[in-house]
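So the structure is just underneath, and the comments pick up after that.
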There are 2 protein chains.
Amino acid sequence: MISGTQFTIVYDVLSFSFATMMATTIFLWMRVPSVHEKYKSALIISGLVTFIASYHYLRMFNSWTEAYEWTGEGELAKTGSPFNDAYRYMDWLLTVPLLLIEIILVMKLPADESKSKATTLGIASAAMIAIGYPGELFMSEDNLGGRWVYWIGAMLPFLYIVQTLLVGLNDATQSEADPAVRKLIKGVQWWTVIAWCTYPVVYIFPMMGISGSNAIVGIQLGYSVSDIISKCGVGLLIYQITIAKSLALKNGNEETPLL
Amino acid sequence: MISGTQFTIVYDVLSFSFATMMATTIFLWMRVPSVHEKYKSALIISGLVTFIASYHYLRMFNSWTEAYEWTGEGELAKTGSPFNDAYRYMDWLLTVPLLLIEIILVMKLPADESKSKATTLGIASAAMIAIGYPGELFMSEDNLGGRWVYWIGAMLPFLYIVQTLLVGLNDATQSEADPAVRKLIKGVQWWTVIAWCTYPVVYIFPMMGISGSNAIVGIQLGYSVSDIISKCGVGLLIYQITIAKSLALKNGNEETPLL
C-alpha cells in the first residue's frame, strides 16, 4: 500500500504536468498568427500535442485522487476505484504520431517524401504503443516475463523511429542553409530521441527490482518528466524553428504550405 | 487548531488572489494584438505567469476547503485530507523563471546577451525554489534549525538574481533613449526586487515567534500579497513598456522579434 508521502508526490507531479502542458499549449497557439502560412500547421500541431496531454493529465489527476482517500492524519486507504493508467497509452496513441508529424513539417523535404515519412513514422509509432500497452498490465513479480515479451515487441518499431530520426532524415537536416536553423533541427531530433529513450527504461522499472508502491510512483514520475521534455521541450524548439524560418521567408520567396 | 475566522480569512484571500490573477491574465492576453510583433511574446508570457498562478490558486482554494469541515456554528474540524502547500512551489518553479524572461524580453539587449541572461536567471531562480521547498516542511517550533539551513541555501541564488536585476542589467536600462520607458523598466526592476524580498521574510514567520495556526494564516496571506504584486503588478508594468515601445517602433524602424 502506498504511503501519504508517495500519494502526494504523484498528486503533485500530475498537477504540475497538467499546468506545464496547458501553459505550453497556450503559448504555442497564441504565436500561430506570427509565423508564416507554411509553418502554421506545424505550430498548431505542436500545441495540439500538449493540449491532448493536458487533457489526459487532468483525467489522471482525477483518477489518482479518486483511487485513494485520507482516513486520518497522513493515513490513506484504497477506495476500490482503480487508478486508470490506460490514459497514458491513449494519450500517446494520439500525441506520438502528431509529434513525429510536427518534426517532419518543419524539415526541408520534398512534399511526397514528407507524406511518405509522416505515414511510415505514424504507423510505426502507433504500432509501438499498441504493442507496449498489454505488457504494462504485467506488474507483479512472478509474471514479469510477459512484460519483457511486449517490451521487446515495442522496441522494434521504436528502433526504426530512432534510426529514421537520426540517420534517415540526416540529408534533409544537412540541406538547411541557415546554421542556426540546422542546429535547432538537430536539437529537435536529439531531444526527441533522448526523451524517448527514457520510456523503455521506465517501462522496465519493475524488472530492475523496483516493486510495489515504489514502482507505481517511479513509473508515474518517470513518464511525466519524459512527457514534459518530449512534448513541451520539443514543442518550444519547433516553435523557434517556425519563427526563424518565417523570418527567412519574409523577403518574398514564398512557397505553398505543406499541411 | 485553526479558528473559524482564521479559516475564512485564508479562504477569502485565496479566492481574491484567483480572481485578480485571472482578470490580469485576460487583460494582458486581449492586448496582445495591439503590440508590435517584437513584444508579443513578452506580453503572452506575462499573461502565462498570471494564468499559471490562477490555476494554482484555484487548486489551493479547493485543497483548503477540503482540509477542514464545519462541525457547527463557528466550529471547525480537520477532515484528514492535508492542505497541499506544495502548489505554491510548483507554481513558482514555472512562473518565476517566466517572470524573469518577460523582463529580459522588454529590455534593450543584444540577442545573445538576452539568451544568456535568460538562461542564468532561469537556472538561478529554479535552484532558489528547489532549495527553499524542503525547508518549508519544518514548521514545528523544535526543528526550526532545518528551516534556517534551507533559507540560507535559497538566499544565495536569490541574492544573485537581485544583484543581476539591479546592477547587471543597469547598462541596458540606461541605454533606453525614451525617459518614460527608462522609468518604467526601472519600475519593473525595483518592484520585482521589493516584492521578492517579502518572500524570504514570510518564510521566516515561524522563526519570528509566529507559531501554530497564526503561522499558517500569516504565510498564506503574505505569499498571496507578494504574488499579486510580483505577478499582476509587474505584468501590468511590462504591458505598459510593450505598448510604449510599440508606439515608438510604429514609425517604420522595424527590428526582428526576440522570441
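Overview of values
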{"read-out": "Per-region count, the stretch A:49-86, residues at pLDDT below 95 and either in contact with a His (Cβ under 9 Å, 6 or more places away or on another chain) or among the hydrophobic types (A, V, I, L, M, F, W, C) (or both)", "value": "5"}
{"read-out": "Exclusive hit being within 14 Å of chain A (Cβ to nearest Cβ) and β-branched (Val, Ile, Thr), set B:Val193, B:Val96, B:Val162", "value": "B:Val96"}
{"read-out": "Test: residue in the stretch A:99-109 that is closer than 20 Å to A:Phe18 by Cα and open to solvent by less than 60 Å² (accessible area, probe 1.4 Å)", "value": "yes"}
{"read-out": "Any hit, the stretch B:211-233, residues being touching a Gly at 6+ places or on another chain (Cβ under 9 Å), assigned to a helix (DSSP H, G or I), open to solvent by 50 Å² or more (accessible area, probe 1.4 Å) and not hydrophobic (A, V, I, L, M, F, W, C)", "value": "no"}
{"read-out": "Hey, B:Asn84 surrounded by fewer than 18 Cβ atoms within 10 Å (Cβ to Cβ) and closer than 18 Å to B:Ser17 by Cβ or not", "value": "no"}
{"read-out": "Which listed residue is open to solvent by 40 Å² or more (accessible area, probe 1.4 Å), closer than 29 Å to B:Thr242 by Cβ and assigned to a helix (DSSP H, G or I), from B:Thr198, B:Thr192, B:Thr173", "value": "B:Thr198"}
{"read-out": "Residues being open to solvent by 30 Å² or more (accessible area, probe 1.4 Å), within 14 Å of chain B (Cβ to nearest Cβ) and of a type in the set (A, V, I, L, M) - total across the stretch A:1-24", "value": "3"}
{"read-out": "Subset of the stretch B:25-52 [touching a residue at least 24 places away in the same chain (Cβ under 8 Å), at the interface with chain A (Cβ under 10 Å from one of its Cβ atoms) and within 20 Å of the chain's Cα centre (by Cα)]", "value": "B:Thr25, B:Ser41, B:Leu43, B:Ile45, B:Gly47, B:Leu48, B:Val49, B:Phe51, B:Ile52"}
{"read-out": "Those residues of the stretch B:53-63 which are within 11 Å of chain A (Cβ to nearest Cβ) and either on the phi > 0 side of the Ramachandran plot or hydroxyl-bearing (Ser, Thr, Tyr) (or both), in sequence order", "value": "B:Ser54, B:Tyr55, B:Ser63"}
{"read-out": "Selection status of B:Met128, under 18 Å from the mean Cα position of the chain (by Cα) and surrounded by fewer than 19 Cβ atoms within 10 Å (Cβ to Cβ)", "value": "no"}
{"read-out": "Boolean, A:Lys78 is basic (Lys, Arg) and surrounded by 16 or more Cβ atoms within 10 Å (Cβ to Cβ)", "value": "no"}
{"read-out": "The lone exception for A:Met30 - which of (1) over 24 Å from B:Thr25 (Cβ atoms); (2) open to solvent by 10 Å² or more (accessible area, probe 1.4 Å) it fails", "value": "(1)"}
{"read-out": "Residue ID - surrounded by the most Cβ atoms within 10 Å (Cβ to Cβ), chosen from residues in the stretch B:139-152 that are free of Cβ contacts under 8 Å to residues at least 24 places away in the same chain and either in contact with a Ser or Thr (Cβ under 9 Å, 6 or more places away or on another chain) or farther than 22 Å from B:Leu99 by Cβ (or both)", "value": "B:Val149"}
{"read-out": "Qualifying residue in the stretch B:101-116 (condition: more than 10 Å from every other protein chain (Cβ to nearest Cβ) and of a type in the set (S, T, N, Q))", "value": "yes"}
{"read-out": "Total residues in the stretch B:64-87, condition within 11 Å of chain A (Cβ to nearest Cβ), part of a helix (DSSP H, G or I) and under 21 Å from the mean Cα position of the chain (by Cα)", "value": "2"}
{"read-out": "Qualifying residue in the stretch A:159-176 (condition: aromatic (Phe, Trp, Tyr), in contact (Cβ under 8 Å) with a residue 12 or more places away in the chain and under 26 Å from A:Tyr57 (Cα atoms))", "value": "no"}
{"read-out": "Any chance B:Met155 is open to solvent by less than 60 Å² (accessible area, probe 1.4 Å) and not acidic (Asp, Glu)", "value": "yes"}
{"read-out": "Unmet requirement for A:Ala248, which otherwise passes all of (1) modelled with pLDDT under 90; (2) more than 14 Å from chain B (Cβ to nearest Cβ)", "value": "(2)"}
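The values are calculated or read from the model by the stated rules, or taken from the named source; none is laboratory data. It should be emphasised that the depicted structure is a prediction, and the values quoted were computed from it without experimental measurement. No Cβ is skipped: glycine too gets one built from the backbone with ideal geometry, and neighbour counts run over all protein chains shown. Heads up: the accessible areas ignore ligands, DNA and RNA and are worked out on the full protein's heavy atoms, side chains in. Shrake-Rupley method; radii C 1.70, N 1.55, O 1.52, S 1.80 Å.
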